[in-house]
Amino acid sequence: MNLINGKQIAAEIKTEIAKEVAKMIDDDDKNPHLAAVLVGDDPASHTYVAAKEKACQNVGMLSSVYRYPAETTEKELLNIVHFLNNDPEIDGFIVQLPLPKHIDENKVIEAIDPKKDVDGFHPVNVGRMVINLPAYLPATPFGITQLIQRSGIETEGKNVVVVGRSNIVGTPVSILLSRKAKFGNATVTLCHSKTENLKEVCANADILIAAIGVPEFIKEDMVKDGAVVIDVGMHRIKSDKTKSGFKLIGDVAFEEVSKKCSHITPVPGGVGPMTIVALINNTLKAAKKEVYG
Ligand code: NAP
């Protein structure tokens, strides 16, 4: 069994991005700039945004965080989005989700200029991805495809099963892997809570991607001998074996499944580290005007 080391692959990509940023600064005196809008006090959102800021610093990019209280109205947030859409100093920006309940997330996402939508959530970017036009790809699916490619795993003609059809993970990764494109060309089955015979469908996969949100859902009898297993799940559970009293586990029962597969991503250290790398990669593309010209 080979462990797919997301931490190492993410570090390699960051080094590549840092070189490109340094070159941009040398050649054009231009420093890519990512902004993040953070509304409310959700601790996880604050942690994610801090990690994004740090990643920008690590690769030499500029970052700005716009923090607003939970009572911010939808209209006020839309005005902020409008301001960032028109700020020439900002190459790309994200609005950290989830937003407070009184704000319609879809309305906010649709208000972002697709050219600055480095999360890749705007319907224009999703549509461009579907028809294989240059687009900002959503972070986790892009990260998964990078892990597969950089581990030397072939996707062409392979039987891929994705469990979970969310807009941010399962559905876009199923599209990316089935596209007529380099590192696509797989035959993809997208499963969800209404799928019948899920165990049999999964046990037929050459590449199994678990994005379910249920701890250790994928068991050994759902995995074919020699399969590649990508675990997107992330759950913080209590543990008396760690100093913090908590540990992270995924959607795959790692101990039993790892004995059967050819490659597997660990949790932590698999898909997770790739997500932020994808965001800074999109910001670099925005600064270089690579997607929309
Ligand atoms: P989500 O929006 O909750 O979607 C879960 C999907 O799994 C849904 O499509 C659901 O089916 C399906 N599902 C749930 N129970 C099922 C069952 N018993 N059998 C078959 N399908 C089932 O989740 P998500 O946002 O995609 O996230 C999935 C996991 O990935 C979570 O643990 C999340 O924390 C993690 N995650 C990690 C990263 C990272 O960077 N590592 C990024 C994003 C998410 P229905 O559509 O029928 O309801």
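The values are calculated or read from the model by the stated rules, or taken from the named source; none is laboratory data. All figures in this text were calculated on a predicted structure; none of them were measured in a lab. All Cβ positions, even for glycine, are placed from backbone atoms using ideal geometry, and neighbour counts span all protein chains on display. Accessible surface areas use protein heavy atoms only, side chains included; no ligands, DNA or RNA. Shrake-Rupley method; radii C 1.70, N 1.55, O 1.52, S 1.80 Å.
Observations on the model:
- Entry note, the chain: relative contact order of 21 percent, from Cα contacts under 8 Å with a spacing of 6+ residues.
- Taking the Kirkwood radius as Rh and the Cα radius of gyration as Rg, segment 93-238 has a ratio of Rg/Rh equal to 0.99.
- Label sites at D221 and T187, each approximated as a point 7 angstrom past Cα along Cα to Cβ, lie 2.6 nm apart.
- Semi-axis lengths (Å, descending) of the ellipsoid that matches the C-alpha gyration tensor of segment 213-293: 31, 19, 9
- Site pair I25 and T73 shows an inter-label distance of 4.2 nm when each label is modelled 7 Å from Cα along Cα→Cβ.
- Average accessible area per residue (Å²) across segment 1-117 - probe 1.4 Å, nucleic acids and ligands excluded: 55 Å²
- About the Cα centre, charge dipole magnitude for segment 169-293 (Lys/Arg +1, Asp/Glu -1 at Cβ), debye: 620 debye
- Degrees, to the nearest 10: 74-85 long Cα axis against longest axis of the chain: 80 degrees
- The alpha carbon centroids of segment 166-211 and segment 97-153 are separated by 18 Å.
- Translational D in µm²/s for segment 1-144 (Stokes-Einstein at 37 °C, 0.692 mPa s, Kirkwood Rh from C-alpha pairs): 199 µm²/s
- Cα gyration tensor shape of the chain, rounded if a/c is under 1.5, else prolate or oblate by comparing a/b with b/c: prolate
- Additional length obtainable on full extension of the chain from F83 to A51, 0.36 nm per residue less Cα span: 9.1 nm
- Rolling a 1.4 angstrom probe over the chain with all protein chains present gives an accessible area of which 52% lies on carbon and sulfur atoms.
- Over the residues of the chain, the helix contribution to mean residue ellipticity at 222 nm works out to -12000 deg cm²/dmol, using -39500 (n - 2.57) for each DSSP H run of at least 4.
- Gain on full stretching of the segment that runs from D104 to V214 - 0.36 nm per residue minus C-alpha separation: 37.0 nm
- Helix 6-28 and the long axis of the chain differ in direction by around 30°, with both axes built from C-alpha atoms.
- Only one residue of P98, H122, V161 has its Cα farthest out toward the positive end of the dipole of segment 71-176, where Lys and Arg carry +1 and Asp and Glu -1 on Cβ, and that residue is V161.
- Against the main long axis of the alpha-carbon atoms of the chain, helix 43-59 sits at an angle near 80°.
- Taking segment 234-293 as the region of interest, the number of lysine pairs whose Cα atoms are within less than 27 Å, with members eight or more places apart or on different chains, is 7.
- Applying 0.36 nm per residue to the separation of H235 and D113 and subtracting their alpha-carbon distance, the gain on full extension is 40.6 nm.
- Segment 132-195 shape via C-alpha gyration tensor axes, a/c threshold 1.5: oblate
- For segment 154-229, the number of Lys pairs with C-alpha atoms closer than 20 Å, counting only pairs eight or more positions apart or on separate chains, is 7.
- A Förster radius of 41 Å combined with the Cβ-Cβ distance from E196 to K7 puts the calculated FRET efficiency at roughly 0.65.
- Shape category assigned to segment 153-293 from the gyration tensor of Cα positions, a/c cut at 1.5: oblate
- Per-residue packing, averaged as other Cβ atoms within 10 Å, sorts the ranges 115-121, 3-9, 189-195 into the order 115-121, 3-9, 189-195, beginning with the highest.
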